[in-house]
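A.B. asks: Questions regarding the structure given below will be posed in turn.
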Amino acid sequence: AKGQADDRLGAIEEALHRSGKALEQSEARYRRLFDNALLGIFQSTVSGKILMVNPALARIYGYNSPDELVMDLQDIGKQLYVDPGRRETFLQHMRSKGKVSHFESRIRRKDGSVIWIAEHARAVHGIRDELEYFEGTVVDITKRKEAEERLRASEEEYRTIFETTGTASVIIEQ
């Protein structure tokens, strides 16, 4: 009986060892995915504190490292969003729908420059269904927004020319 118990104990120890190794490998894979993702990834509190970010988000926001960003950004609403009330709009969407998709905002980078981002985020609830934090992704859409603005301005310019000219016009660009 003692031999059988020892065998079972050995089998359990071996299974625990294999399980621990598999868990370590799985954690390493997810850590590489998080660290090497091209999208910015974040977790933040309802009150506006950053909990964690990946290196891509730190770069998008102009920081040298995720730790620097987490230490510096203490209030997302005041330090990050350019437009007053934008954080409150984000919170309203999160409370009513539990998520946001393509939530476009102007944000202020560490150096003070302004860029456009699109956020995709969801509310994470605890065991008692209380809102614990938000997690999501961020994409820099500045180039797209600038292209849209150039197109709008160009369309407005041509519309003005043709609406104010009583005769046929030819525009030659140089």
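The values are calculated or read from the model by the stated rules, or taken from the named source; none is laboratory data. Owing to the predicted nature of the structure, the values given are computational and were not obtained by experimental measurement. Positions of Cβ are generated from backbone atoms using ideal geometry, with glycine treated the same way; all protein chains shown enter the neighbour counts. For accessibility, only protein heavy atoms count, side chains too; no ligands or nucleic acids. Shrake-Rupley method; radii C 1.70, N 1.55, O 1.52, S 1.80 Å.
A.B. asks: With a point put 7 Å past each Cα toward its Cβ, work out how far Tyr30 is from Gln43 in nm, to one decimal.
C.D. replies: If labels sit at Tyr30 and Gln43, their model points lie 0.9 nm apart.
A.B. asks: Among Lys21/Lys49; Lys99/Lys145; Lys49/Lys99, which pairs are too far apart, with a Cα-Cα distance over 26 Å?
C.D. replies: The answer is Lys21/Lys49.
A.B. asks: Could you give the accessible area per residue of the chain, probe 1.4 Å, as a whole number in Å²?
C.D. replies: Using a 1.4 Å probe on heavy atoms only, each residue of the chain averages 69 Å².
A.B. asks: Considering the dipole of the chain built from charges on the beta carbon (Lys and Arg +1, Asp and Glu -1) around the Cα centre, which of Pro55, Gly85, Ala11 is farthest to its positive end?
C.D. replies: The residue sitting farthest along the positive end of the dipole is Ala11.
A.B. asks: Would the stretch 84-126 count as rounded, prolate or oblate if I go by the C-alpha gyration tensor, calling it rounded below 1.5 in a/c and otherwise prolate when a/b exceeds b/c, oblate otherwise?
C.D. replies: Note, shape of the stretch 84-126 comes out prolate.
A.B. asks: Using a 1.4 Å probe on the protein heavy atoms, what percent of the accessible area of the chain belongs to carbon and sulfur?
C.D. replies: That share works out to 54 percent.
A.B. asks: Let me ask something additional. Normalise the Cα radius of gyration of the stretch 46-149 by 2.2 N^0.38 Å (N = residues in it) and let me know the number.
C.D. replies: After normalising by residue count via 2.2 N^0.38 Å, the value is 1.06.
A.B. asks: Moving to a separate point now. Can you give the percent of C-alpha pairs in the chain whose distance is more than 25 Å?
C.D. replies: Of the Cα pairs, 53 percent sit more than 25 Å apart.
A.B. asks: Jot down the per residue volume, in cubic angstrom and as a whole number, of the convex hull over the alpha-carbon atoms of the stretch 1-87.
C.D. replies: It comes to 130 Å³ per residue, whole-number rounded.
A.B. asks: Could you give the dipole magnitude of the chain about its Cα centre, charging the beta-carbon of Lys and Arg +1 and that of Asp and Glu -1, in debye to the nearest 20?
C.D. replies: Dipole magnitude for the chain comes out near 260 debye.
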